[in-house]
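The values are calculated or read from the model by the stated rules, or taken from the named source; none is laboratory data. Remember, predicted model here, so these are calculated numbers, not experimental data. Heads up, the Cβs are rebuilt from the backbone with ideal geometry, glycines too, and the neighbour counts pull from every protein chain shown.
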């Protein structure tokens, strides 16, 4: 009896588990990745879908076979012991071939998606914007009309007076026209070269809709590049545990038309 | 090796020698189990507080203010205290439960018996090993009572958050240093334990017990101890370096130019990534240290209940070795987005995907072996079946995370949390449950209550799926992990999912009381067990009593005649032949 | 003999009303030069606070008023007016709209400080004390006020880590004679018994200035302070 109950329960669980994957809803909430607004995200989404298909089918197959075998053979008292036809040999071959080939295929295809994010350098006319992550906010810096970023001086950081980056405009000419913002504002369809700087501890930059994520590592000059393809407001959240305010460490990404962006940049304090 | 070396130590007489500072591997095994039980209940209570806080972040949780007046003023858990609870939950569970219970507890108790030895090779090391673990536990728990509370950097303790000291905020005071010291001491204990397991397995097998004739769970413990030796040897100095950065002004993990909350840090020259490499070089093998013994225990118990051997034991053992070997090559898959050279992501992804192969082979062999069996359904075998189901579920989500491009989206989301909870928090624990129901009669001479055992299984199996399967959906929605509250625009709509999970977690947690009650009740009032209630062939069921005498075999040295897989054959006692029985068997190794 | 000091102080305090409330030092704090331009605070990361402000919120590093008045200057008796006893009344520091109110809070050593969170978000209060004990505590919304006190006189910068733009000051003094200038720059120190006093004016970017004043009876002495401000 116990065997039959187990079989039913495991099969029901397996099938119920698949439902939210297919209809993207659980407990009334939408549980799927949001719309992709990046130029590189399509290959990531495709990779995710293919993996979901293969993993999902493997999951269902294994749970169903488990349930079926336990139904058939659980609690069995009569009859002889039988062996699975072919014994272990064919199972080993099947595992090596199926999983091996699947893994290699997905690995190989995934390389391209990875490469567009990490191996390809940003284009020559990508717009440089610096982002500084520090407990517990992101601040962004635009180089201003001179196109140059002023130097950072950690000892000059004065958040109460909005000098989040530790700039020294008194002595550093390049710093005078730098624009600091609490929001990442970018023009649509323009490649952005995001220079990442960590002020204190480890943080991470994650925008779901852009399909990008990258840690900030104190002491390392890291960068990301992306192109946003849809106007709108999106959330940038920190995904590397950085202290008590980690849950509240976020900023908005505002993707605007080029005109709106130019207007916005002009209105910023320096 | 067929001669048993005699390692006789005197039978203990005093209470202290019998039950406290005992050299007997069986007592030590039970002590490890008891410590793991305390740790798991503590860790579970912490998780209840966490789950309640996540869904009702600004509401007081009655009683928590007595745990910490600063951390939970009026019972409302502060953001830092949530993270501290989370850190302690992870640390307790990974180290003091998942390394202790399947490996140290059951391994200590049964490895020597299963190979026909009187005790471990180094009984004094063994005793030291447990008590050192106990000291590590005390140091860790003391972090709850220091001024600034327990550390909040997670069980992973990434630098510089964990390394710069109190400047990085509340929760990074003395508690973090205590954490580093606790784990350092834990590593010493683990190294001693692993040395013991390896020496015992290689040198103390009784006459006739070739390596090939060892039961699968013995192999699993042996392979685990080999992995453990290398892994903990790396974590130990890493923790020391972390403590030095915190108290001695060194800069192993801290670069120059950091302004932490208006405090300029004097350190220079260190690398936060170095900590990650050292930690995960240990951390990945550690999760296999957690799962391999459970795989061995489940294999062992399934064979007994199926009344037939697995399709191939050699293949299963080779797969466990392959997993152990590959486990050292994949640590970077925790660091795909860490800022290390992106080319290395490809290098780490490949072996990570390849580990799927031995894991799949084992799963297919388990499934294939069920075919044509006469599977006995009892609490122990149900947990084994549950293990297979959970291992598949958890393993499948690993397949996503192994691919760097997908990891870009899923890293640091609840998808990861769901993955590792299913494999470690459920599957490995199911191995411990199975082992408990199975070996309880041998350890105590009594049976656990079967009805309560089955109830425990059904509720836990369904309950844990209800908790951890939705974690994957949250991950696909991009729900970030390690958040103490969900205030972001895209997270607020997901709170109903979290509510469902919290109710499931509280229910499943309550259900574990059935197990604890069963454990305690059966210890004193359980039905008396026969000598070999499961009709199992391995050596632990041939001891003269349950529990076995202090030297396991009552002065006799058992002789082994064949492998432990003689099931479904005509034996003098039934459809099996004990390893110690000289009866002729048709196909034996 | 130490017991007699509080006795004398009490005597004076009791008798001073009879002396028609004692002398007063009052005046104005002004500035010369160009004050640093205040910047708009970007509260976009905390929408529940951002929406509480109809007009842009500015940093408060230098707050000026009409006729070159300088606000947020703490003027206090630094010599001759020490009082060992803190008032029984607590001072309150409020977090509202993700800003500290007041920006500069003066108090006596040992006086109770109540920190109130009037916002819907958690804040953490992190006084960057160097002489006193530095602490850092979180305050979830709707929880009771945090209570603390300071043992040593010190000028302490306070910040919130969750909302990095939130900065304020605790000016912990040994005296109960202090006044924080408002937007008209004026301050007043009443109820002063006759004696020689040194008064100090503290302004956050510029530090302290002192002047000596003598009070003989019930007169009002006018003392002005002027700070030379720089644009950076």
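Going through (1) more than 30 Å from residue B:269 (Cβ to Cβ); (2) in a loop (DSSP other than H, G, I, E, B) one by one, residue B:252 falls short only on (1).
Within region B:169-179, one or more residues are on the phi > 0 side of the Ramachandran plot, in a loop (DSSP other than H, G, I, E, B) and crowded, with 19+ Cβ neighbours inside 10 Å. Taking the criterion of being in a helix (DSSP H, G or I) and within 11 Å of another protein chain (Cβ to nearest Cβ), the residues of region B:267-290 that qualify are B:272, B:273, B:274, B:275, B:276. Of the candidates B:264, B:326, B:230, the single residue that is surrounded by fewer than 24 Cβ atoms within 10 Å (Cβ to Cβ), within 13 Å of chain A (Cβ to nearest Cβ) and farther than 30 Å from residue C:164 by Cα is B:326.
The lone criterion from (1) more than 16 Å from residue B:338 (Cα to Cα); (2) within 11 Å of another protein chain (Cβ to nearest Cβ); (3) modelled with pLDDT of 95 or more left unmet by residue A:204 is number (1).
Which of the residues that make up region B:462-475 are more than 7 Å from every other protein chain (Cβ to nearest Cβ), buried (at least 24 other Cβ atoms within 10 Å of the Cβ) and more than 12 Å from residue B:417 (Cβ to Cβ)? B:464, the sole residue that qualifies. Report, by residue number, each residue of region B:563-589 that is part of a loop (DSSP other than H, G, I, E, B) and under 31 Å from the mean Cα position of the chain (by Cα). Scanning region B:563-589 gives B:563, B:564, B:565, B:566, B:578, B:579.
Let's see how each residue does on (1) modelled with pLDDT under 95; (2) in a loop (DSSP other than H, G, I, E, B); (3) touching a helix residue (DSSP H, G or I) at 6+ places or on another chain (Cβ under 7 Å); (4) within 7 Å of another protein chain (Cβ to nearest Cβ):
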position: A:189; (1), (2), (3), (4): no, yes, no, no
position: A:215; (1), (2), (3), (4): no, no, no, yes
position: A:226; (1), (2), (3), (4): no, no, no, no
position: A:234; (1), (2), (3), (4): no, no, no, no
position: A:244; (1), (2), (3), (4): no, yes, yes, yes
position: A:261; (1), (2), (3), (4): no, no, no, no
position: A:266; (1), (2), (3), (4): yes, no, no, no
position: A:270; (1), (2), (3), (4): yes, yes, no, no
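Return only the number of the condition from (1) buried (at least 16 other Cβ atoms within 10 Å of the Cβ); (2) under 22 Å from the mean Cα position of the chain (by Cα); (3) more than 7 Å from chain B (Cβ to nearest Cβ); (4) part of a helix (DSSP H, G or I) that residue A:128 does not satisfy. Against the list (1) buried (at least 16 other Cβ atoms within 10 Å of the Cβ); (2) under 22 Å from the mean Cα position of the chain (by Cα); (3) more than 7 Å from chain B (Cβ to nearest Cβ); (4) part of a helix (DSSP H, G or I), residue A:128 comes up short only on (4). Considering region A:21-80, and only residues there that are in a strand (DSSP E or B) and more than 7 Å from chain B (Cβ to nearest Cβ), the residue that is surrounded by the fewest Cβ atoms within 10 Å (Cβ to Cβ) turns out to be A:25. Of the helices (runs of 4 or more DSSP H) lying entirely inside region B:329-426, those carrying at least 1 residues that are facing another protein chain (nearest Cβ under 7 Å) and without any contact (Cβ under 8 Å) to a residue 40 or more places away in the chain are B:342-370, B:379-401, B:404-410.
Does residue B:258 satisfy being within 14 Å of chain A (Cβ to nearest Cβ) and under 30 Å from residue C:125 (Cα atoms)?
Values: within 14 Å of chain A (Cβ to nearest Cβ): yes; under 30 Å from residue C:125 (Cα atoms): yes.
For residue B:258, the condition - within 14 Å of chain A (Cβ to nearest Cβ) and under 30 Å from residue C:125 (Cα atoms) - is met.
Inspect all residues belonging to region B:139-151 and state whether any of them is crowded, with 20+ Cβ neighbours inside 10 Å, away from every other protein chain (no Cβ under 14 Å), touching a helix residue (DSSP H, G or I) at 6+ places or on another chain (Cβ under 7 Å) and assigned to a helix (DSSP H, G or I). For region B:139-151, residues crowded, with 20+ Cβ neighbours inside 10 Å, away from every other protein chain (no Cβ under 14 Å), touching a helix residue (DSSP H, G or I) at 6+ places or on another chain (Cβ under 7 Å) and assigned to a helix (DSSP H, G or I): present. Note on region B:476-497: residues that are outside any loop (DSSP other than H, G, I, E, B) and either buried (at least 22 other Cβ atoms within 10 Å of the Cβ) or within 7 Å of chain A (Cβ to nearest Cβ) (or both) amount to 6. Of all the numbered requirements in (1) in contact with a strand residue (DSSP E or B) (Cβ under 6 Å, 6 or more places away or on another chain); (2) surrounded by 20 or more Cβ atoms within 10 Å (Cβ to Cβ); (3) in contact (Cβ under 8 Å) with a residue 24 or more places away in the chain; (4) within 14 Å of chain B (Cβ to nearest Cβ), residue A:184 misses one, and that requirement is (4).
Quick grid of which residues meet (1) in contact (Cβ under 8 Å) with a residue 24 or more places away in the chain; (2) surrounded by 15 or more Cβ atoms within 10 Å (Cβ to Cβ):
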| position | (1), (2) |
| --- | --- |
| C:164 | no, yes |
| C:170 | yes, yes |
| C:177 | yes, yes |
| C:196 | yes, no |
| C:203 | yes, yes |
| C:214 | no, no |
| C:221 | yes, yes |
| C:226 | yes, yes |
| C:231 | yes, no |
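Go through region A:41-53 and give me each residue that's touching a helix residue (DSSP H, G or I) at 6+ places or on another chain (Cβ under 6 Å) and in contact (Cβ under 8 Å) with a residue 40 or more places away in the chain.
We begin by selecting, within region A:41-53, every residue touching a helix residue (DSSP H, G or I) at 6+ places or on another chain (Cβ under 6 Å); these are A:43-44, A:47-48, A:51.
If the condition is that a residue be touching a helix residue (DSSP H, G or I) at 6+ places or on another chain (Cβ under 6 Å) and in contact (Cβ under 8 Å) with a residue 40 or more places away in the chain, then A:43, A:44, A:47, A:51 are the ones that fit.
The residue list C:75, C:62 contains one member that is in contact with a helix residue (DSSP H, G or I) (Cβ under 9 Å, 6 or more places away or on another chain) and either within 17 Å of residue C:178 (Cβ to Cβ) or in a loop (DSSP other than H, G, I, E, B) (or both), which is C:62. Among the residues of region B:503-535, just one is within 28 Å of residue B:157 (Cα to Cα) and surrounded by 20 or more Cβ atoms within 10 Å (Cβ to Cβ), namely B:505.
Scan the strands (runs of 3 or more DSSP E) fully inside region C:82-192 and keep the ones with 3 or more residues being within 24 Å of residue B:75 (Cα to Cα). Break it down into steps so the answer makes sense when it comes.
Values: elements: C:91-96, C:99-101, C:104-108, C:113-117, C:123-128, C:137-139, C:146-148, C:154-159, C:167-173, C:178-180, C:186-192.
The strands (runs of 3 or more DSSP E) meeting that bar are C:91-96, C:113-117, C:123-128, C:137-139, C:146-148.
Here is a yes/no grid of residues against (1) surrounded by fewer than 22 Cβ atoms within 10 Å (Cβ to Cβ); (2) more than 17 Å from the chain's Cα centre (by Cα); (3) under 27 Å from residue B:394 (Cα atoms):
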| residue | (1), (2), (3) |
| --- | --- |
| B:245 | no, yes, no |
| B:248 | yes, yes, no |
| B:312 | yes, yes, yes |
| B:321 | yes, yes, yes |
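May I ask you to say which residue of C:106, C:118 is under 13 Å from residue C:92 (Cβ atoms), more than 11 Å from every other protein chain (Cβ to nearest Cβ) and surrounded by 22 or more Cβ atoms within 10 Å (Cβ to Cβ)?
It is C:106.
Could you say whether any residue in region B:92-104 is within 13 Å of chain A (Cβ to nearest Cβ) and out of contact with any strand residue (DSSP E or B) (no Cβ under 6 Å at 6 or more places or on another chain)? Checking region B:92-104: not a single residue is within 13 Å of chain A (Cβ to nearest Cβ) and out of contact with any strand residue (DSSP E or B) (no Cβ under 6 Å at 6 or more places or on another chain).
Any residue at all in region A:81-97 that's part of a loop (DSSP other than H, G, I, E, B), at pLDDT below 95 and either more than 8 Å from chain B (Cβ to nearest Cβ) or surrounded by 20 or more Cβ atoms within 10 Å (Cβ to Cβ) (or both)? Scanning region A:81-97 turns up at least one residue that is part of a loop (DSSP other than H, G, I, E, B), at pLDDT below 95 and either more than 8 Å from chain B (Cβ to nearest Cβ) or surrounded by 20 or more Cβ atoms within 10 Å (Cβ to Cβ) (or both). Residues being without any contact (Cβ under 8 Å) to a residue 40 or more places away in the chain and either at the interface with chain B (Cβ under 10 Å from one of its Cβ atoms) or part of a strand (DSSP E or B) (or both) are represented in region A:139-153 by at least one member.
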